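Since the structure comes first, as structure tokens, the remarks are kept for the end.
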Amino acid sequence: LGIIMQYGITIGEQMGRAIARESSAMGVAQALSPLFDLARDARYGRVEECYGECPFLVARMGVAFVAGLQGAVGPRPLAADRILATAKHFAGYSVPDNGINLAPSSLGERQLRALHLAPFEAAVKEAGVQVVMPSYNEVDGVPAHANRWLLTTVLREEWGFAGYTFADYGALAMLDGFHHVVAGPDEAGAAALAAGLDLEAPSAWGF
């Protein structure tokens with residue numbers, strides 16, 4: 001099993017390098033990948049995008065892919081043939097209530113940290129991932145895009161994340177029209193900024 005896993009990790013990094021080389025040649029600077037979601041509910045509609053159900057496996061595969069995309073990240077910019085990786089979806093997105101996509105996730109902090117945050121922590125601390133994308137869902141009733149504990153306390157203060165947070169598409173509009181935690185786009189923007197969101201990716205169709 002160890003040999004098979006090491007082979008998979010090596011292939012994952014090589015794949016990331018190839019993607020980065022081809023994408024950078026076309027002027028692409030950021031990949032919206034990889035996923036660090038755990039495939040723990042077969043009803044979840046995006047299981048095919050996940051590496052697996054084990055946080056250790058997901059961390060190893062994800063860290064390798066990030067390393068392939070970004071290369072060695074330090075005080076200098078990325079190499080010309082590398083691109084930014086985006087760790088997503090932060091966090092607990094793949095275990096929604098009843099398996100329904102976008103539904104809230106009923107996770108306590110212990111389970112969240114031990115399982116669903118662990119691969120992201122590895123991506124930040126080991127691979128130096130430069131972009132983190134919050135998830136559409138709510139955890140314990142708080143939408144990720146307005147969750148200061150998640151985006152600031154854990155991500156930046158505890159883990160030392162130095163990159164930027166990148167909204168999932170249309171997620172700020174969803175704070176108003178889907179989660180109903182704000183009244184209008186102005187409040188949505190203010191809530192996201194206060195939580196620690198850096199960049200919005202708006203949706204043309206809205207919610």
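What's the total number of residues in region 103-116 that are in a loop (DSSP other than H, G, I, E, B) and surrounded by 15 or more Cβ atoms within 10 Å (Cβ to Cβ)?
The total comes to 3.
Exactly one of (1) touching a residue at least 24 places away in the same chain (Cβ under 8 Å); (2) under 17 Å from Leu197 (Cα atoms); (3) β-branched (Val, Ile, Thr) is unmet by Val63. Its number?
Against the list (1) touching a residue at least 24 places away in the same chain (Cβ under 8 Å); (2) under 17 Å from Leu197 (Cα atoms); (3) β-branched (Val, Ile, Thr), Val63 comes up short only on (2).
Name the single residue, out of those in region 44-70 being within 17 Å of Ala91 (Cβ to Cβ) and among the small types (Gly, Ala, Ser), that is modelled with the lowest pLDDT.
Gly52
Cβ contacts < 6 Å: first residue surrounded by fewer than 21 Cβ atoms within 10 Å (Cβ to Cβ), restricted to region 117-137; second residue part of a helix (DSSP H, G or I), any location; separation 6+ or different chain. Result?
Ala118/Pro55; Glu126/Val63
For every residue, the table says whether it meets (1) open to solvent by less than 70 Å² (accessible area, probe 1.4 Å); (2) modelled with pLDDT of 95 or more.
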{"residue": "Leu1", "(1), (2)": "no, no"}
{"residue": "Tyr7", "(1), (2)": "no, no"}
{"residue": "Gly12", "(1), (2)": "yes, no"}
{"residue": "Glu22", "(1), (2)": "no, yes"}
{"residue": "Ala39", "(1), (2)": "yes, no"}
{"residue": "Ala72", "(1), (2)": "no, no"}
{"residue": "Thr86", "(1), (2)": "yes, yes"}
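Quick one: how many residues across region 88-99 are in contact (Cβ under 8 Å) with a residue 12 or more places away in the chain and open to solvent by 10 Å² or more (accessible area, probe 1.4 Å)?
Total satisfying the criteria: 3.
The values are calculated or read from the model by the stated rules, or taken from the named source; none is laboratory data. Note that the coordinates shown come from a computational prediction; the quantities given were computed from them, not determined experimentally. Heads up, the Cβs are rebuilt from the backbone with ideal geometry, glycines too, and the neighbour counts pull from every protein chain shown. We work out accessible area using only protein heavy atoms, side chains counted, and drop any ligands, DNA or RNA first. Shrake-Rupley method; radii C 1.70, N 1.55, O 1.52, S 1.80 Å.
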